[in-house]
1. Can you run down the residue pairs with Cβ atoms below 9 Å, 6 or more apart or on separate chains, where the first is in the stretch B:6-24 and at the interface with another protein chain (Cβ under 9 Å from one of its Cβ atoms) and the partner is assigned to a helix (DSSP H, G or I) and open to solvent by less than 40 Å² (accessible area, probe 1.4 Å)?
2. Considering only residues that are farther than 23 Å from B:P33 by Cβ and either open to solvent by less than 20 Å² (accessible area, probe 1.4 Å) or more than 8 Å from chain A (Cβ to nearest Cβ) (or both), which ones fall in the stretch B:52-67?
3. I'm trying to understand the selection: among the residues of the stretch B:97-152, which are closer than 27 Å to B:T42 by Cβ and part of a loop (DSSP other than H, G, I, E, B)?
4. Please pick out the residue among A:D523, A:D499, A:D439 that is of a type outside the set (S, T, Y) and modelled with pLDDT under 95.
5. Can you tell me which residue within the stretch B:25-36, out of those that are in contact (Cβ under 8 Å) with a residue 40 or more places away in the chain and surrounded by 12 or more Cβ atoms within 10 Å (Cβ to Cβ), is farthest from the other protein chains (Cβ to nearest Cβ)?
6. Checking A:F390 against (1) within 14 Å of chain B (Cβ to nearest Cβ); (2) under 22 Å from the mean Cα position of the chain (by Cα), which single condition isn't satisfied?
7. Applying the selection to the stretch A:390-399, what residues are open to solvent by less than 20 Å² (accessible area, probe 1.4 Å) and of a type in the set (V, I, T)?
Amino acid sequence: MSTELTGAEITVRCLQEEGVDHIFGYPGGAVLFIYDELFKQDKVRHVLVRHEQAAVHAADGYARSSKKTGVALVTSGPGVTNAVTGIATAYMDSIPLVIISGQVPTHAIGLDAFQEVDTVGITRPCVKHNFLVKNVAELATTIKKAFYIASTGRPGPVLVDIPKDVSQHKAAFVYPENVSMRSYNPVVRGHGGQIKKAVQLLLEAKRPMFYTGGGVILSNAAEQLAELVRMLGFPCTNTLMGLGGYPATDSQFVGMLGMHGTYEANMAMQHCDVLVAVGARFDDRVIGNPKHFSNEARKIIHIDIDPSSISKRVKVDVPIVGSVSGVLDELIKLLKARKEKPDQTALDAWWTQINLWRARDCLKYDRASAIIKPQMVVEKLYEVTGGDAFITSDVGQHQMWAAQFYKFDLPRRWINSGGLGTMGFGLPSAMGVQFANPDGAVACVTGEASIQMCIQELSTCKQYNLPLKIINLNNRYMGMVRQWQEFFHGNRYAESYMDALPNFVKLAESYGHVGMKIEQPGDIQGALEEAFKLKDRLVFMDFITDQTENVFPMVPGGKGLSEMILV
Amino acid sequence: MENEAGALSRVAGLFSSRGYNIESLTVAATEDPTLSRMTLVTTGSDDVIEQITKQLNKLIEVVKVLDLSDGNHIERELMLMKVRAVGKDREEIKRMADIFRGRIIDVTDKSYTIELTGTGSKLDAFLDGMERSAILETVRTGASGIGRGERILKV
């Protein structure tokens, strides 16, 4: 006979049972009972952020860098609406999160009570699933379901809305070991027949190409991917979300593809005869206009855990629904059992072509510039950290330069908002990364526009002594907006100039951190070395960079992948 | 789908957020009170219908999705129509209702209320056959569908 616990106690016990060690949140009226229970225990550490958006981004960064489910706790009404940007960010990138929100008492729901919003309604389009718990007896099972749904199949955020009276009412506490739901049975194993077809296509390919995305990271399949790609000797490209899924320093890696992908990756995508898409979804920033993409006759094998990702934008020939790691295991096994090898002569010719494209040196920039080039900052960051840091980013030009110039050899090291493109993501997600990896070097590559969207979190960083390194590529513009205005809007820079910027050095110092301003290219390396030596301090590095620098290559929106603007 | 509050809004929300159209939608609990069954009529190319099916299957509360128009099936819709029925029109309207196998289920000295079941096109035909100015009010349920013969959708 179990004793009865309050809903608040049950909530905290569930988190403990799930092995949650950190939650990110902000208290308020509707969650006071839950905070009271958090106060009474020390298994689950609560991290107090300065804005609910940051709580969700921090939980998100924690999840992306740790293989675990991130957890955020927010109050009703504005607590939830502030969290929505974070939830939508995680949803677009399929990140497993459980968000617990307070709600007004059940008897007040629908009466426009103080701090009431229709949380389930507002979040419905940007969660994998959500629940409103009306009966405390269902709370434990609901939380169990939330963790189960968030972390299985195609992962995603799940929200549990708990009215204040439910957190007060009592029920017997039993945390279920397992939950099964008749309406939710994610596929794990790929279809054997389809996998056999894929093997045959791989062996017959003359100009093959691996195109891999965030699914490889989410499925923890980087090792299998490397084994398969090396075994076959094929070229491999990663999407923005997939960086680190295949080692960037490997000779078979042809760089990132897409709107700001490398010339060689994009050209190889357009000219391959067999394309293997692994945990990637052919989105508009990756393949450009699907009409142009379909020009070349090619066979496409698509491995994805979400059937709705398959044949959504591009028709595929061999769909394989299953977990990426499981399907790659199967492919490796079957290929090992076969005597045939891919056509080496054809493959050599293909590599000769790819190397010609590579020789175009599409990422070159003016290394002798007297003004700091942002690309050089990222290159030096890579050198100084030995390629071993966790890099988060905000959204814009700096994000693309970080993706192009920091060579990620390991998964879960590159943390960015790929799908939603959320400015403000970089700093709070870096906090989550640091909590998940207390000994890791964590840098946030950002710009003077993005960083101001969640800059209040410098306070959180001080409270918890998070020694982040903030790399602010300060070009006094919303750089990517400025770039589009230069290319497509006749140089009319409508509202993209960042006027009235703060003195970032003093700002950092006022929060109790170290600030640095770097204006000369010759000072980049020394400053970075100095900053990373300060192992227990947050260092805000304000790099004054070239205002006119653009991200190349660039595939303009609506164009095909081979229609790149090059330097 | 699960007979739970909110399940319907997830389906409706999916259609509006992804730009699919809903021509009609009917839903009610089944003989198993934990389940409700929805018949939804939509249009689109094969690719769109494939996406709709996949997206519906992703909704946690959706237990099973079947494209009824993939095979033989039966569709029925219910319409209630209130018409002005005075003088010699009363006979004429009664005859019309009989031809369409409708039933008059409520009568006043000025009006009839007619109940009519059938496919959407039969109901349309009845509407077309009636004198427009005589129609006071109509209400339609949208289609409910079921497979023919041994074709069964059951959990």
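1. B:G6/A:V120; B:G6/A:G121; B:S9/A:V120; B:S9/A:G121; B:G13/A:G121; B:L14/B:I52; B:L14/B:Q55; B:L14/B:L56
2. B:I52, B:T53, B:Q55, B:D67, listed by residue number.
3. B:F100, B:T119, B:T141, B:G142, B:A143, B:R148, B:G149, B:E150, B:R151, B:I152
4. It is A:D499.
5. Within the stretch B:25-36, the match that is farthest from the other protein chains (Cβ to nearest Cβ) is B:T26.
6. With respect to (1) within 14 Å of chain B (Cβ to nearest Cβ); (2) under 22 Å from the mean Cα position of the chain (by Cα), A:F390 is out only on (1).
7. A:I391, A:T392
Yes or no, residue by residue, for (1) of a type outside the set (F, W, Y); (2) surrounded by fewer than 24 Cβ atoms within 10 Å (Cβ to Cβ):
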site	(1), (2)
A:L328	yes, no
A:K333	yes, yes
A:R338	yes, yes
A:D361	yes, yes
A:R367	yes, yes
A:A370	yes, yes
A:W401	no, no
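The values are calculated or read from the model by the stated rules, or taken from the named source; none is laboratory data. Just so it is clear, the structure is predicted and the values come from calculations on it, not from any experiment. Ideal geometry is used to build each Cβ from the backbone, glycine not excepted, and the neighbour counts take in all protein chains shown. Only protein heavy atoms, including side chains, enter the accessible area calculation; ligands, DNA and RNA are left aside. Shrake-Rupley method; radii C 1.70, N 1.55, O 1.52, S 1.80 Å.
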